[in-house]
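Written out below as structure tokens is the structure these notes cover.
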Amino acid sequence: MYSIERIYIDGQFVQPHGQEWFDLYNPSTGDVIGRVRLADAQDTEDAIAAARRAFPAFSRTSKEQRIAWLKRLYEAVFANVDRLTAATIEEYGAPATRAGWGARYAAESFLHMAHTLEKYSFTRRIASTEVVMEPVGVAALITPWNANAGFICNKLATAIAAGCTAVVKPSEMSAIQTQIVTEALHDAGLPAGVFNVVTGRGDVVGAELSASPHIAKISFTGSTAVGKSILRAGVDTMKRVTLELGGKSPTLILDDADLEIAVPLAVTSGFQNSGQACIAGTRILVPEGSLQDVIRLAKEAVSAVKVGRLHDADSAIGPMVSQRQYERVQGYIRRGVEEGATLVIGGEGHPDGLAGYYVKPTVFADVTNDMSIAREEIFGPVLCILTYRSEEEAIRMANDTVYGLHAYVISSDIDRARAVASQLEAGRVSINGAPHEPFAPFGGFKQSGIGREYGTFGLEAFLETKAVLGAVGLKPQ
Ligand code: NAD
């Protein structure tokens with residue numbers, strides 16, 4: 001049994017003031033595997049105070065110094081990739097390949113930000129004005145459970161690159177992964193108070209951070225509902241916000257696509273991270289005339305997906321993170337049937353031979369864009385196939401959503417795919433399965449969020465712009 005009894009404030013692991021304990025589960029079995037003692041509002045205030053004390057000196061460190069720290073942080077987290085992978089399998093239920101990728105990705109975010117910083121200039125000139133980019137202040141970094149370590153590391157890397165100090169509020173459901181990351185970050189030896197980690201409830205620690213007058217910036221990844229509450233809570237102190245929220249991303253299979261390639265690609269995109277991915281392509285839009293072929297190929301593709309046996313290299317789908325998430329997904333599968341969609345494969349209940357929070361990978365056909373399974377974020381391996389009659393209709397359907405995080409286009413003609421991409425309301429469009437690009441901006445249109453992460457766009461979200469007029473070459477008048 002794990003017992004996580006310390007949070008991290010001012011460069012030290014300390015016992016929280018908070019008294020509440022929270023159970024940690026193995027989602028593959030549903031068994032309790034440990035517990036974490038949660039931070040409270042007092043702990044949050046202590047962490048904010050430590051970050052405030054560290055800010056004046058840290059904000060004045062040189063770019064070279066911060067690049068050196070980012071590289072040390074990379075090495076420290078990279079040295080713990082195996083531990084982090086094992087914890088992600090056990091506590092989150094990720095298949096080993098995904099968990100290993102996620103752990104390496106967490107470490108590499110520091111390296112990516114170091115590279116971004118190397119090329120970034122904090123000053124530029126406009127006529128006689130010097131424009132200076134300055135760190136915004138103490139940042140609160142709030143993460144969800146579906147890639148907890150990656151979000152902690154990417155947000156922290158960006159804050160540090162900018163010269164901000166930080167209070168991290170990780171998901172309370174990921175405390176084992178957080179503990180490993182925090183120990184690694186501690187090993188890198190940054191000045192005390194530069195980062196602080198307070199695991200606690202969203203409505204306690206998260207709410208305290210969102211309202212605190214001493215937090216200048218919030219970088220949040222999570223649900224749209226909580227993102228809105230953070231925006232409301234932050235308005236009185238005019239916080240800068242980056243909100244990475246939910247999605248209901250479309251995959252447009254154009255009528256020139258090779259379906260034998262396109263359909264498995266669409267299924268893989270929809271099932272990434274066991275379907276618990278904000279960017280999952282969960283609405284597959286196909287030409288009306290291809291529907292029967294698409295259904296046959298989707299059935300084949302889903303049947304070939306390996307569910308469970310998480311340590312096998314070819315395992316692709318793990319359990320849902322929690323009982324609550326399991327029930328949420330079951331509820332949507334039930335609603336899909338009630339709403340009149342046709343079950344192509346999957347359905348309610350556990351897959352054969354699996355218990356815990358496993359759900360059956362499920363595909364619906366005959367879905368229309370007004371059904372709740374096509375409109376709401378399910379956050380599980382449940383995909384909808386919708387049909388269109390023309391490219392214009394496909395684009396209209398793709399954009400007919402409150403979300404706008406990601407979209408996928410599959411076509412044998414790149415120019416055509418680009419033309420379609422230019423009409424999609426989404427922060428990212430991936431053509432023909434193009435993978436994640438860590439230096440390109442990431443973020444949502446519409447209710448998928450505000451702002452961008454990664455690369456220069458992400459860095460500037462932690463900076464204020466100051467124009468010093470007359471700084472260059474003017475004599476007093
Ligand atoms: P969530 O919104 O419930 O929680 C996210 C974090 O916010 C957690 O740390 C939680 O404790 C905290 N929180 C909860 N209430 C809060 C409050 N009142 N004030 C401040 N913080 C609070 O989301 P989740 O269930 O952990 O994650 C799943 C959601 O995250 C999905 O909607 C998914 O689409 C979204 N997500 C988005 C992205 C993206 O980059 N756009 C990436 C991953 C996940």
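Miscellaneous remarks
- Gly193 near the ligand (Cβ under 10 Å from one of its atoms) and either farther than 24 Å from Leu24 by Cα or without any contact (Cβ under 8 Å) to a residue 60 or more places away in the chain (or both): no
- Any hit, region 222-234, residues being within 28 Å of Lys446 (Cα to Cα), among the aliphatic types (A, V, I, L, M), surrounded by fewer than 21 Cβ atoms within 10 Å (Cβ to Cβ) and more than 9 Å from the ligand (Cβ to nearest atom): yes
- Any hit, region 221-236, residues being within 30 Å of Ala68 (Cβ to Cβ) and in the same structural domain as Asp23 (by TED's automatic domain parsing): yes
- Those residues of region 448-477 which are within 16 Å of the ligand (Cβ to nearest atom), crowded, with 20+ Cβ neighbours inside 10 Å and not in a loop (DSSP other than H, G, I, E, B), in sequence order: Ser448, Gly449, Glu453, Gly455, Gly458
- Boolean, Leu209 is within 9 Å of the ligand (Cβ to nearest atom) and surrounded by 24 or more Cβ atoms within 10 Å (Cβ to Cβ): yes
- Pairs meeting the criteria (first residue in region 217-239 and farther than 23 Å from Arg52 by Cβ, second residue part of a loop (DSSP other than H, G, I, E, B), beta carbons under 6 Å, at least 6 apart or on different chains) are Thr221/Thr143; Thr221/Pro144; Gly222/Pro144; Ser223/Gly246; Thr224/Leu245; Thr224/Gly246; Gly227/Leu245.
- Test: residue in region 355-362 that is of a type outside the set (S, T, N, Q) and closer than 18 Å to Ser249 by Cβ: yes
- Of everything in region 269-300 that is in contact with a helix residue (DSSP H, G or I) (Cβ under 8 Å, 6 or more places away or on another chain), among the small types (Gly, Ala, Ser) and more than 19 Å from Thr97 (Cα to Cα), the residue that is farthest from the ligand (Cβ to nearest atom) is Ser290.
- Glu91 assigned to a helix (DSSP H, G or I), within 22 Å of the chain's Cα centre (by Cα), crowded, with 23+ Cβ neighbours inside 10 Å and modelled with pLDDT of 95 or more: yes
- Just one of the listed residues (Gly227, Gly193, Gly163) is at pLDDT 95 or above and under 21 Å from the mean Cα position of the chain (by Cα), namely Gly227.
- Residue in region 36-47 that is within 30 Å of Ile279 (Cα to Cα), modelled with pLDDT of 95 or more and not in a loop (DSSP other than H, G, I, E, B) present: yes
- Of everything in region 48-83 that is part of a loop (DSSP other than H, G, I, E, B) and not polar (S, T, N, Q), the residue that is surrounded by the most Cβ atoms within 10 Å (Cβ to Cβ) is Ala79.
- Every residue from region 162-181 that is over 15 Å from Arg35 (Cα atoms) and among the hydroxyl-bearing types (Ser, Thr, Tyr): Thr165
- Filtered residues of region 235-246 (kept if near the ligand (Cβ under 6 Å from one of its atoms) and either in a strand (DSSP E or B) or farther than 19 Å from Gly444 by Cα (or both)): Glu244
- Pick from region 107-163, criterion among the hydroxyl-bearing types (Ser, Thr, Tyr) and either without any contact (Cβ under 8 Å) to a residue 60 or more places away in the chain or surrounded by fewer than 21 Cβ atoms within 10 Å (Cβ to Cβ) (or both), ranking: farthest from the ligand (Cβ to nearest atom): Ser128
- Among the residues of region 261-283, the ones that are assigned to a helix (DSSP H, G or I) and either β-branched (Val, Ile, Thr) or in contact with an Asp or Glu (Cβ under 9 Å, 6 or more places away or on another chain) (or both) come to 5 in all.
- Restricting attention to region 378-395, the residues that are crowded, with 22+ Cβ neighbours inside 10 Å and in a loop (DSSP other than H, G, I, E, B) add up to 4.
- A single entry from Trp69, Trp21 fulfils the requirement of being touching a helix residue (DSSP H, G or I) at 6+ places or on another chain (Cβ under 8 Å) and over 21 Å from Leu354 (Cβ atoms): Trp69.
The values are calculated or read from the model by the stated rules, or taken from the named source; none is laboratory data. What you are looking at is a predicted structure, and each value in this text was computed from that prediction instead of being measured. Backbone-built Cβ (ideal geometry, glycine too); neighbour counts: all protein chains shown.
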